[in-house]
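Undergrad: The structure follows.
The values are calculated or read from the model by the stated rules, or taken from the named source; none is laboratory data. Every value quoted in this text rests on a predicted model; they were computed, and no experiment measured them. When we count neighbours, we look across all protein chains shown, and the Cβ atoms used for this are built from the backbone with ideal geometry, even at glycine. What goes into the accessible areas is simple: the full protein's heavy atoms, side chains included, and nothing from ligands, DNA or RNA. Shrake-Rupley method; radii C 1.70, N 1.55, O 1.52, S 1.80 Å.
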Amino acid sequence: MNRLARYSILGISVLIVGWVGIGHVLGRTTNDGNAYKSLVVYSEVLQKIQNDYVDEPNMHLVTAGSLHGLLESLDSESSYLTPREYTEYKQKLANPGTGETGLNLSKRFGYIIVTSVLPDSSAEKAGLHSGDILESVAGFTTREMSVGQAKNLLAGQPGTGVKVGVIRRGKTDPETVDVVREKIPTPKLVVQKVDNDTLAIRFLTLDAGRKDELKAKLLDAEKQGVSRVILDLRDCGRGQASEAIEIARLFVPSGTLTRLHGQTVPEQVFSADASKVVWKGPVSILMDGTTTGAPEVLAAAIANTKRGDLVGDRTFGLASEQKLIPIDDGAAIILTVANYSNADGKSILEEGVAPTEVVHSAALADNSDDGDDVAAAPGAQKEPPAPPRPLSPDDPVLQKALQLLKTPAKKAA
């Protein structure tokens, strides 16, 4: 390392230590004091790496790596983007023609994993499934990759391909799969009458406008004599929490749907609105570990108000709000700033949404396991049988929901 670089790093360290000292002299709060202590440790480690590492280190890579780890230690949705990555991110975000693969992602066990796949997308056509571990994306290992970085790499010009290394259940070695980026239209609701008076509605996303589409379907169903509704949120991992709340208001006449809270975000309480209710009949939710994000807010709202049964398995746990914060050097962080909560006040990001009626399905990817040791060796997992097609007669989650809807609730004596 040249002398200028050494002096620069030393100067930064001195400034950090000086800042810490001044902060204590001026009487910083306890939280500020803790942050300053952490900066002192970081500065010391940086100097040790600079002076004692076996080879001359690339301090830019060292710093970027430490920042990636810092954000990833918070939760799966928080990410650090280098100046180059942030520039690419903004360009792709601003381009309405940017293509994607149809993958919904999170991070577990140290790697990027697939939480769900949009039906008829290029990812589904390439054979990717929920629960698959992406060992690499575009030639880069995901061991040190954030979800934001992975999404950035998977997005690009429609028609171009991106290679992903996939470790499937029951396998130990990654399989290279080429996925073609494409412009994916917003999926519509999938509506199916499962018996004479029960309508099942499958959501693939909760994008803007879904509430109005659902409202029209419900009003039409009522005219046709339908008396029970099932909302299928499995494999649904996209959309807006605001849309989920508006959909919940179509069913719930009173009570608190959910709360949003964060350290710097004033608590928001989202309540039902009797004037917006469209469906007063019985309703059930189908969900599992592929249910992530905004759909979890909808499921929680139904559970929190005891409006209907939640059938299936625990959701993945991603419902939260992120904020993009640019950094002075051209980098940026995507930071989780608020969480949506269950009725017990615990965040959905922390524990997911629990079903009221547990029904395990072969489609469940065991994504909700918290123990990293379970998935440290992906090959130790057993290959599950092919899952039943959603909303088919052999779908055990659907059949259980139908049974519950047709069984009148017992009244207290």
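Undergrad: On the given criteria, is residue 143 surrounded by fewer than 20 Cβ atoms within 10 Å (Cβ to Cβ), touching a Pro at 6+ places or on another chain (Cβ under 7 Å) and within 25 Å of residue 75 (Cβ to Cβ)?
TA: no
Undergrad: How do the pairs read when you match residues in the range 232-246 that are assigned to a loop (DSSP other than H, G, I, E, B) and surrounded by fewer than 24 Cβ atoms within 10 Å (Cβ to Cβ) with residues anywhere that are modelled with pLDDT of 95 or more and hydrophobic (A, V, I, L, M, F, W, C), using Cβ under 6 Å and keeping only pairs 6 or more apart or on different chains?
TA: Between residues of the range 232-246 that are assigned to a loop (DSSP other than H, G, I, E, B) and surrounded by fewer than 24 Cβ atoms within 10 Å (Cβ to Cβ) and residues that are modelled with pLDDT of 95 or more and hydrophobic (A, V, I, L, M, F, W, C), the close pairs are 240/294.
Undergrad: Taking the range 111-122 as the search range and keeping residues that are within 19 Å of residue 188 (Cβ to Cβ) and either open to solvent by less than 10 Å² (accessible area, probe 1.4 Å) or of a type outside the set (Val, Ile, Thr) (or both), which one is nearest to the chain's Cα centre (by Cα)?
TA: The qualifying residue nearest to the chain's Cα centre (by Cα) is 116.
Undergrad: If the requirement is being farther than 24 Å from residue 354 by Cβ, modelled with pLDDT of 95 or more and crowded, with 16+ Cβ neighbours inside 10 Å, which of these qualifies: 226, 297?
TA: Exactly one residue qualifies, and that residue is 226.
Undergrad: Residues to consider are 133, 201, 184; find the one that is within 21 Å of the chain's Cα centre (by Cα), of a type in the set (A, V, I, L, M, F, W, C) and open to solvent by less than 20 Å² (accessible area, probe 1.4 Å). Explain how you work it out, then say what you get.
TA: Values: 201 fails: within 21 Å of the chain's Cα centre (by Cα); 184 fails: open to solvent by less than 20 Å² (accessible area, probe 1.4 Å).
Sole residue among the options that is within 21 Å of the chain's Cα centre (by Cα), of a type in the set (A, V, I, L, M, F, W, C) and open to solvent by less than 20 Å² (accessible area, probe 1.4 Å): 133.
Undergrad: When the range 349-360 is examined, which residues are found to be crowded, with 21+ Cβ neighbours inside 10 Å and small (Gly, Ala, Ser)?
TA: Listed by number, the list holds a single entry, 352.
Undergrad: What number of residues within the range 78-93 satisfy the criterion of being open to solvent by 30 Å² or more (accessible area, probe 1.4 Å) and within 14 Å of residue 322 (Cβ to Cβ)?
TA: Looking only at that region, the number is 2.
Undergrad: Take residue 258 and decide whether it is open to solvent by 30 Å² or more (accessible area, probe 1.4 Å), in contact (Cβ under 8 Å) with a residue 12 or more places away in the chain and out of contact with any Cys (no Cβ under 8 Å at 6 or more places or on another chain). Talk me through it step by step, then tell me what you get.
TA: On the way: open to solvent by 30 Å² or more (accessible area, probe 1.4 Å): no; in contact (Cβ under 8 Å) with a residue 12 or more places away in the chain: yes; out of contact with any Cys (no Cβ under 8 Å at 6 or more places or on another chain): yes.
The answer is no for residue 258.
Undergrad: Further question on the same structure: Would you check if residue 172 is open to solvent by 10 Å² or more (accessible area, probe 1.4 Å) and modelled with pLDDT under 95? It would help to see each step written out before you state the result.
TA: Values: open to solvent by 10 Å² or more (accessible area, probe 1.4 Å): yes; modelled with pLDDT under 95: yes.
Answer is yes for this residue.
Undergrad: Could you list, in sequence order, the residues of the range 314-348 that are open to solvent by 30 Å² or more (accessible area, probe 1.4 Å) and under 24 Å from residue 358 (Cα atoms)?
TA: Once the filter is applied, which keeps residues that are open to solvent by 30 Å² or more (accessible area, probe 1.4 Å) and under 24 Å from residue 358 (Cα atoms), the range 314-348 yields 314, 343, 344, 345, 346.
Undergrad: Of all residues in the range 157-173, which are touching a Lys or Arg at 6+ places or on another chain (Cβ under 9 Å) and not in a strand (DSSP E or B)?
TA: 157, 158, 159, 160, 169, 170
Undergrad: For the range 197-228, what are the residues that are closer than 30 Å to residue 153 by Cβ and either out of contact with any helix residue (DSSP H, G or I) (no Cβ under 9 Å at 6 or more places or on another chain) or part of a helix (DSSP H, G or I) (or both)?
TA: Answer for the range 197-228, where residues must be closer than 30 Å to residue 153 by Cβ and either out of contact with any helix residue (DSSP H, G or I) (no Cβ under 9 Å at 6 or more places or on another chain) or part of a helix (DSSP H, G or I) (or both): 202, 204, 210.
Undergrad: Restricting attention to strands (runs of 3 or more DSSP E) lying wholly within the range 249-318, give those where 1 or more residues are within 19 Å of the chain's Cα centre (by Cα) and hydrophobic (A, V, I, L, M, F, W, C).
TA: Filter on the range 249-318 gives 256-261, 283-287.
Undergrad: Shifting gears a bit: I'd like to know if the range 178-196 contains one or more residues that are part of a helix (DSSP H, G or I), free of Cβ contacts under 8 Å to residues at least 60 places away in the same chain and more than 17 Å from residue 292 (Cβ to Cβ).
TA: no
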